[in-house]
Amino acid sequence: MTAPATPQRRWRAACPNCGASVEFASAASASAVCGYCRSTLVRDGDALRRIGRSAELFDDHSPLQLGASGRYSGAAFTVVGRQQLGDDDARWSEWHVLFDAGGDADAGLRSGWLSEDNGRYVMAFDGPLTGPVPAPGELHAGEQRAVAGGVWSVASVVQARVLAAEGELPRPPRLEGAPFTVVDLRNDRGEVATLDWRDAPEVGWSIGRSVRLSDLVLTGLREESAGAVGGRSLACPSCGASLQIKLDSTQSIVCDQCHSVVDVSQGVGGDLAHYAQDNAGSPPLIPLGRTGTLALGPKAPALPWQVVGYAERVEVDVDPGEEQTAWREYLLYHRQEGFAFIVDAEDGWSYAIPITGVPKVKGDRAILEGVTYAQLYSYSGAVTYVLGEFYWRLRKGEKTRNTDYAAGVKRLNREQVGQEVTWSAGGALDSDAVAKAFGLGTVESMAMKRDAQAVSGSGRGALFWVVAAVIIVVVVMSMAQCGSNDCQPLRDSFGEASAEYQQCLRSQRSSTGTRFGGGSSGGFSSGGGHK
């Protein structure tokens, strides 16, 4: 194995505040944060000048840390710094990495950023910005704009601050400055670009691609998963029950006692914003905290995914006379892969993973990586009940606008919340595979059998007959086991108002005019307000 990046030259100086040694791996780096007293320092000739103090870092779920090393596109790199940014909804980290100069001591080290992106990661590089640049107020999520000679889709527009920093950075962090606009752009080549106005009127520009931590051959990672962190506990502001925050990336947590949703996006000190949920919801078929080994994709490896969150969502703003449909989502977490979703809808189970790029949309078709997807449904949704922890801030009554696309068993979903658009890709899942992966019992497995085979996107009629056939099979099996009252086991296990019991009752009635699959393979929210 090739050795990790080893800088050819290092530069050291004493911290002017505490005297500790501060080391720079790159002569191009302009700033560092003293690891002892957290002073923010800038290079001033052969000395360091203190310009402020960095706030304490808000720990996150990432296994990355300073000193970790790996390889990207054949080049070795080392993680040397980090800055945390945030807005009113969430916080995220940008890790400063230095690449080996290839043995040329005078060439300098190439600087890059390994940044969080919807629970996953992007490797990006700063570059020159050519051509006219739209003003921040002219950019809106979902529109197409020409920037730096290319056509980009605006993914998000946020007002961010630099909250904290550590290690070596290419420029001094603006820890006490006013909020600045950050705009994420994406294209159909899988690239993500960022416009950054922190140094306005100068505009920062970077371009990157999605990366998997497992492909970076990383060494020197944190030994323990951040999913088992002690000390992040607090009293529920509604009922006083103890809340144990298991994931350091958590922005919202639900009280096990009173089911209030508590916002911890700004830390756990002081008064915490919270709200009571309007309904009791249904118990999740897959228990929170359960780990299951599941392959999310035909070429994906089977990995242990832990259920950390559960949400019930419903279609809103439906036309008069139309049935309101509902679906349920499970938020999954894997230490190196990040977050993913599995979705339980009336027409079957599916998985979804946020993607970095965007498809090329033409009318009712979306093209991604050479595959053409047909539009299935367009609808508005809202979260009605949640349990567990979420890496985005949950807002009561917040609506999303979703569009689902399908190509055989493959699925795409576009979701917009305010000034953020997220695309997710996934596919159908077999309910038996999900039940087996998470070790579910017979009753739960029976309640999960709503799978539908792939549809061509020709409309709900074809999907209706597939689902109807599945329902008939389920009813026959249930009658053979339970006699005349075939839904009684589901009623006993989940309650009379549960989605499982009501679904069984609907399957016994005439299916004429019933809508299936509203939000079927989509409806998965990656949240809002995060990079």
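The values are calculated or read from the model by the stated rules, or taken from the named source; none is laboratory data. This is a predicted model, so every value here is computed, not measured. All Cβ positions, even for glycine, are placed from backbone atoms using ideal geometry, and neighbour counts span all protein chains on display.
Quick notes on this one:
- One residue stands out in the stretch 245-263 among those that are within 24 Å of E116 (Cα to Cα) and among the polar types (S, T, N, Q): the one that is modelled with the lowest pLDDT, namely S249.
- Subset tally (residues that are modelled with pLDDT of 90 or more and charged (D, E, K, R)) for the stretch 299-335: 5
- Comparison of A141, A124, A148, A155 shows that the only residue that is at pLDDT 90 or above, in contact with a Lys or Arg (Cβ under 7 Å, 6 or more places away or on another chain) and under 28 Å from G418 (Cα atoms) is A155.
- Among the residues of the stretch 105-121, those that are within 29 Å of I353 (Cα to Cα), in contact with a Phe, Trp or Tyr (Cβ under 6 Å, 6 or more places away or on another chain) and at pLDDT 75 or above comprise G112, L114, E116.
- For the stretch 162-209, the tally of residues that are modelled with pLDDT of 90 or more and in a strand (DSSP E or B) stands at 19.
- Given (1) modelled with pLDDT of 90 or more; (2) among the hydroxyl-bearing types (S, T, Y); (3) surrounded by fewer than 20 Cβ atoms within 10 Å (Cβ to Cβ); (4) more than 21 Å from V154 (Cα to Cα), number of the condition T442 does not satisfy: (1)
- Scanning the stretch 373-410 for residues that are under 20 Å from L429 (Cα atoms) and either within 18 Å of the chain's Cα centre (by Cα) or of a type outside the set (A, V, I, L, M) (or both) turns up Y373, Q375, Y377, T403, D404, Y405, G408, K410.
- Residues (assigned to a strand (DSSP E or B), at pLDDT below 85 and surrounded by 13 or more Cβ atoms within 10 Å (Cβ to Cβ)) located in the stretch 220-243: L234
- Flag for W392 being out of contact with any helix residue (DSSP H, G or I) (no Cβ under 8 Å at 6 or more places or on another chain) and modelled with pLDDT under 90: yes
- Within the stretch 367-410, being surrounded by 16 or more Cβ atoms within 10 Å (Cβ to Cβ) and among the acidic types (D, E) holds for E389, D404.
- Pairs where the first residue, in the stretch 256-285, is farther than 30 Å from Q84 by Cβ and the second is modelled with pLDDT under 80 and among the aromatic types (F, W, Y), C-beta under 9 Å, 6+ apart: S282/F494; P283/F494; L285/F494
- In the stretch 292-398, counting only strands (runs of 3 or more DSSP E) that sit wholly within it, the ones holding 2 or more residues that are of a type in the set (S, T, N, Q) span 371-390.
- Among all residues of the stretch 51-74, there is none that is farther than 25 Å from D100 by Cβ and at pLDDT 65 or above.
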